[in-house]
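Please read the structure below before turning to the comments.
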Amino acid sequence: MKAKRIEADRTKEIVDACERLYAATGFHAVSLKDIARETSMSRPSVYNYFRTKEEIFLALFGREYDRWNVALSRLLAQPEPLSVADLADAMARTLRGRALLLRLLSMNLYDMEGGSRVENLTEFKRSYGESIRIVRAILAKFRPEMPAEAREAFVWAFFPFLFGVHPYTAVTPKQRAAMTAAGTDFPTVGAEALVRSFIRVALSAP
C-alpha cells in the first residue's frame, strides 16, 4: 500500500512538472531532462515511471480527460429534462476551465502515442473512452428521440471537432497580425461559445 502511494505521488509530481513547463512553453521545447529538473527526483528516477516525454504528456492528457469526465458525469446525473439549447449550454460548460485539455487536443496525438509504451497508451485510451461513453449516455438520456445512428454520428463529429477548438479560439498576437495583413478573418468567439454553437447545430440537424 505504501509503495503504491509513493508511486502515485511521484507520478503526480512528474506530470505536474510537465504541466507547469507546458504552460510556459510548447511541447517541442520541453524535454525529459527539463521535466526531471522540475521534480525532486533525478533523471534516472523519472525513468522508473516514464521512458519518454511523450509518455508524460500522454499521462497529462489522460488526467485532463479524467477531469472533464467528472464534469460530464455531473451533467449526466442531472434529473431535469433539457432542451437542445439547454443541453448545448450544459455540454459547453463542461469544458469551462479545460483550456489545457483543449490545447492538448490540438497537438499531434500520433507523436504522443507513437512515443509511448502500450501500457501507457492503454491507460490513456481508458480515460478517452470514458469520455465517449459518458457523452453517449448524455445523448441517450436527454435526446432519446434521436435515432441511435444519429447519436453515434454526433459522437464521431463532436470529438474530432474538439481537436480544432483551441487553434480557432486561442489566436496569438503573431497569428492575428499575419491574418490581418493577409486579409484573412479569424474567430472572435471563445471556446465555450464555439462548442455551444456546434452542439446546437449538430443536435438540431435532421
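The values are calculated or read from the model by the stated rules, or taken from the named source; none is laboratory data. All figures in this text were calculated on a predicted structure; none of them were measured in a lab. Glycine also receives a Cβ, built like all others from the backbone with ideal geometry; neighbour counts cover every protein chain displayed.
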Exercise for the section: Give the residue, chosen from Glu192, Glu123, Glu145, that is free of Cβ contacts under 8 Å to residues at least 60 places away in the same chain and either assigned by TED's automatic domain parsing to the domain that holds Arg93 or of a type in the set (Gly, Ala, Ser) (or both). Expected result: Glu145
Exercise for the section: Identify, from the list Lys4, Lys12, Lys53, Lys33, the residue that is surrounded by 20 or more Cβ atoms within 10 Å (Cβ to Cβ), over 21 Å from Leu203 (Cβ atoms) and among the basic types (Lys, Arg). Expected result: Lys53
Exercise for the section: Test Phe159 against the criterion of being under 30 Å from Val15 (Cβ atoms) and either among the aromatic types (Phe, Trp, Tyr) or without any contact (Cβ under 8 Å) to a residue 40 or more places away in the chain (or both), and give yes or no. Expected result: yes
Problem - Residues satisfying the stated conditions in the stretch 150-206, i.e. over 18 Å from the mean Cα position of the chain (by Cα), β-branched (Val, Ile, Thr) and part of a helix (DSSP H, G or I) - result: Thr180, Val201
Fill in the blank from the handout: When the stretch 92-120 is checked residue by residue, the ones that are at negative phi and in a loop (DSSP other than H, G, I, E, B) are Thr94, Leu95, Arg96, Arg98, Ser106, Met107, Asn108, Gly115, Ser116, Arg117
Handout entry: Top-ranked residue of the stretch 23-47 - restricted to ones that are among the aliphatic types (A, V, I, L, M) and in contact with a helix residue (DSSP H, G or I) (Cβ under 9 Å, 6 or more places away or on another chain), ranked as farthest from Leu60 (Cα to Cα)
Key = Met41
Exercise for the section: Looking only at the stretch 121-144, decide whether some residue is in a loop (DSSP other than H, G, I, E, B), surrounded by 18 or more Cβ atoms within 10 Å (Cβ to Cβ) and among the hydroxyl-bearing types (Ser, Thr, Tyr). Expected result: no
